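Here's the structure we're looking at; comments come further down.
The values are calculated or read from the model by the stated rules, or taken from the named source; none is laboratory data. As the structure is a prediction and not an experimental result, all values here were calculated from the model. Cβ coordinates were reconstructed from backbone atoms using ideal geometry, including for glycine residues, and neighbour counts include every protein chain displayed. For accessibility, only protein heavy atoms count, side chains too; no ligands or nucleic acids. Shrake-Rupley method; radii C 1.70, N 1.55, O 1.52, S 1.80 Å.
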Amino acid sequence: MEKKIVFSGIQPTGEIHLGNYFGSLKQWLDLQDKYFCFFSIVNLHALTEPISPSSLEENTLKTTSYLLSLGLNPKKVVLFVQSDIPYHTELTWLLSVVTPVGDLLRMTQFKDKAKQFKETVNAGLLNYPILMASDILLYKAEYIPVGKDQLQHLELTREIARRFNRRFGQTFPLPKAVLEERGAKIMSLAEPKKKMSKSLGEEHYLGIFEEPEKIREKIAKAVTDSGKEIKYDQEKKPGIANLLRIYSLVEGKEIKEIEKEFQGKGYAEFKKILAEKIIDYFSQSREKFLAMKDKKEEIREILKEGRRKAEEIAQKNIEEIRQKVGLKY
Ligand code: TYM
């Protein structure tokens, strides 16, 4: 039987935080042995926000090194840069003619970004989900490991695929999200009712490759509440609930067990131990990253190979799509 196809992407915006890792990347690592996986550094998506050409170049290589350091195996998966396969942008156009503008306008991420960049809301921010749909559909992917924040985009991808299939004939399978419940929405350290994100600022996120000292400092400063008990209560104690979820993810234990271990102990002690657990969890990857980060040529070679493999499939699929749409004459 043919292996099912998995697709996911990450924007090269510098750091990788706990949310990216537990919401998505950890699933990439688990899925790489079982499925035919395409993982992409989505540099075209990153252009929707102000980023200099030199940072974009640098972050593309850096993000690739991060992924390799975490254990992604380029012999098992197709690891490539989005812009290396121009069919993504061609398919974006073809999908845009079956995408209602109203659907794009009601995307939460678009509405949030439109508020953030009041002065100039570029069309790329609005069209962002069509490019994401084209990433997925170009490879006819069925399983998409993502965090909760991407579910709305994925639902729209399904709608776009349905509309395309209806108008041009059955072409795309309908992709499904692969979610890991505990890690699907890691919250900000400074405002635990908001999701962890880099755009909120330094104190809100924890970069998994940050210096150990910085990790200790950020966890120590994480916002909690005026109580004393280490107890999971999402409504009354969102800060502690978030830290408990993170603890349970790095330690592989149930939250109930952790609560028991910390009975009668204070927040400071809990945070101190949590910081060490996080540092330990990522220490091997961090060492690998430090050893690899200057080997730019090797990283470029890996991406070149990924490009070759991605192109083979993408080209075959785009030929079929062009034919269905009526572009072959
Ligand atoms: P990006 O680069 O913003 O984030 C990468 C992955 O991390 C997840 N994530 C989180 N998960 C849990 N808690 C959080 N606080 C958190 N913050 C981020 C995201 O859900 C994502 O899975 N649009 C995508 C990239 C993309 C893509 C695709 C994904 C482009 N094309 C096709 C899947 C399939 C994005 O912005 O990811």
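Listed values, structure above:
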item	result
2 or more residues among the basic types (K, R) and over 24 Å from the mean Cα position of the chain (by Cα): qualifying helices (runs of 4 or more DSSP H) within region 228-296	255-261, 267-292
Positions within region 157-184 being over 28 Å from L18 (Cβ atoms) and among the aliphatic types (A, V, I, L, M), in sequence order	I160, A161, L174
Residues satisfying the stated conditions in region 78-128, i.e. free of Cβ contacts under 8 Å to residues at least 40 places away in the same chain, closer than 25 Å to L200 by Cβ and of a type in the set (G, A, S)	A114, A123
Region 182-233, residues that are small (G, A, S) and either more than 12 Å from the ligand (Cβ to nearest atom) or farther than 27 Å from Q152 by Cβ (or both)	A190, G201, G207, A220, A222, S226, G227
Test: residue in region 75-84 that is assigned to a helix (DSSP H, G or I), in contact with a Gly (Cβ under 9 Å, 6 or more places away or on another chain) and either within 20 Å of F7 (Cα to Cα) or not hydrophobic (A, V, I, L, M, F, W, C) (or both)	yes
Residue ID - surrounded by the most Cβ atoms within 10 Å (Cβ to Cβ), chosen from residues in region 88-128 that are of a type in the set (G, A, S) and closer than 20 Å to S40 by Cβ	S96
Matching residues in region 18-48 - criterion: being hydroxyl-bearing (S, T, Y) and either in a loop (DSSP other than H, G, I, E, B) or open to solvent by 10 Å² or more (accessible area, probe 1.4 Å) (or both)	Y21, S24, Y35, T48
Region 156-195: number of residues that are free of Cβ contacts under 8 Å to residues at least 60 places away in the same chain, in a helix (DSSP H, G or I) and open to solvent by less than 40 Å² (accessible area, probe 1.4 Å)	4
Answer residue from region 234-250, given it is in contact with a helix residue (DSSP H, G or I) (Cβ under 6 Å, 6 or more places away or on another chain) and not hydrophobic (A, V, I, L, M, F, W, C) and is nearest to G183 (Cα to Cα) among those	R245
Residue, surrounded by the fewest Cβ atoms within 10 Å (Cβ to Cβ), within region 205-243, restricted to residues that are of a type in the set (A, V, I, L, M) and out of contact with any Leu (no Cβ under 9 Å at 6 or more places or on another chain)	A220
Filter pass, A114 being closer than 19 Å to A133 by Cβ and among the small types (G, A, S)	no
Residue that is modelled with pLDDT under 95 and over 17 Å from the mean Cα position of the chain (by Cα), where the choices are N73, N122	N122
Residue within region 126-139 that is more than 17 Å from the chain's Cα centre (by Cα) and either more than 12 Å from the ligand (Cβ to nearest atom) or over 30 Å from E319 (Cα atoms) (or both) present	yes
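Matching residues to (1) within 12 Å of the ligand (Cβ to nearest atom); (2) in contact with a Ser or Thr (Cβ under 9 Å, 6 or more places away or on another chain); (3) closer than 21 Å to M292 by Cβ:
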| residue | (1), (2), (3) |
| --- | --- |
| L25 | yes, yes, yes |
| Y35 | no, no, no |
| I51 | no, yes, no |
| L61 | no, no, yes |
